[in-house]
1. Would any residue of the range 39-68 have its amide N under 14 Å from a label point 7 Å out along Cα→Cβ of N15? List them or say none.
2. Kindly write out, for the range 98-112 in residue order, the coupling ³J(HN,Hα) from the Karplus curve 6.51 cos²θ - 1.76 cosθ + 1.60 (θ = phi - 60°), rounded to whole Hz, with x marking Gly and Pro.
3. Packing-wise, with mean Cβ within 10 Å as the measure, how do 20-28, 199-207 rank, highest first?
4. May I ask you to compute the full-extension gain from Q63 to D202, defined as 0.36 nm times their residue separation minus their alpha-carbon distance, rounded to one decimal in nm?
5. First select every other residue whose beta carbon is under 14 angstrom from the beta carbon of N47; then total the charges, Lys and Arg +1, Asp and Glu -1.
6. State, to one decimal in nm, how far the label point of S170 lies from the label point of S23, with both points 7 Å from Cα in the Cβ direction.
7. Compute the relative contact order of the range 42-140 as a whole-number percentage, counting only Cα pairs closer than 8 Å that sit 6 or more residues apart in sequence.
8. Considering every pair of different Cα atoms, what Kirkwood radius, in Å, is found for the range 9-81?
Amino acid sequence: MTEINLNTSTVRSLNEALQGAASGGKFSISNTGGKHAVSVGLTTAINVGINGHVGYYCAGMNQQASIAINGNAGPGLAENMMSGKVHVTGNASQYAGATAHGGLLVIEGDASSRCGISMKGVDIVVGGNIGHMSAFMAQSGCLVVCGDAGDALGDSIYEARLYVRGQVASLGTDCIEKEMRAEHKEQLEELLKQSEMGHNVDEFRRYGSARKLYNFDIDQVDAY
C-alpha cells in the first residue's frame, strides 16, 4: 500500500503517480481538504482509497481503476468515466457521472442536480435522492435511484433505463413510466447487489423514452 498525504504532496504529483502505476497497485490518499481533480485520468486496474472530501472532477475520465471516496464529492464526479468503479460513501454535487461511457458509479448518499446527464453507457446507483434535470439526454446505461427524484427526470432521454424507488417530482419531455418486465428486474437486482444496496426490486418503477423526439415532426413542434 502506497500512502500519499496531500498536505505534503501536490495533486499534480499524486495524479502522475497514479497514472504511472502498474495494474494491481494500491494507494491510500489522506488530507484531501476538498482539493479538485483528485485521481483523474487513471488507465490501469489499481485500487485507490481517498480518505476525506474532494472537490471538482474527482475520478474524471477513469478507466479500469477502482476508486473509493470516504467522504463527499464536489461537482463533476466521475465525469466522462469509461470503465472501472467509483464509490462514494457520502453525497455528490452537480452532474455526477456526466457523459460517462461505462463502469459503475455508486453514491451512497444524495446526488444533486443533473446527475447522469448525457450518460452514454455508465451504470449509476444512488442510495438517496437526486436533484432536478437528472438523466437529461441520457443515451444508454442505467440510473438507479433508491430515494426520490427531482423535477424533469429524463428530459429528452434516449435509451437509458431509469429505476426509481421513491417519488418523482416530474418527468421531463419524452420521458414516461414503462413496464417493469423480468429482464429489468434481473438487471436492477444485479446493480443493487454490486452496489450493496439491500432493496427489493419490486419497490422500484422504471422510466424511459417515449421515442417521440427521435425525428422532427412538425405536428409536435411544441414538444421540442
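Laboratory data are not the source of any read-out in this text; all were calculated from the coordinates shown. All figures in this text were calculated on a predicted structure; none of them were measured in a lab. Positions of Cβ are backbone-derived with ideal geometry, glycine not excepted, and every protein chain shown enters the neighbour counts.
1. Counting only backbone N, you get 39-43, 55-63.
2. Working through the residues one at a time gives 4, 6, 5, 9, x, x, 10, 10, 10, 10, 5, x, 8, 10, 7 Hz.
3. Top to bottom by mean Cβ count within 10 Å: 199-207, 20-28.
4. Working: separation 139, 0.36 × 139 = 50.04 nm, distance 3.27 nm.
Between Q63 and D202, full extension yields 46.8 nm more.
5. My count for the surroundings of N47 gives +1.
6. In this crude spin-label approximation the distance works out to 4.9 nm.
7. Working: 361 pairs, mean separation 19.2, N = 99.
Relative CO of the range 42-140 lands at 19 percent.
8. Here the Kirkwood hydrodynamic radius works out to 11.7 Å.
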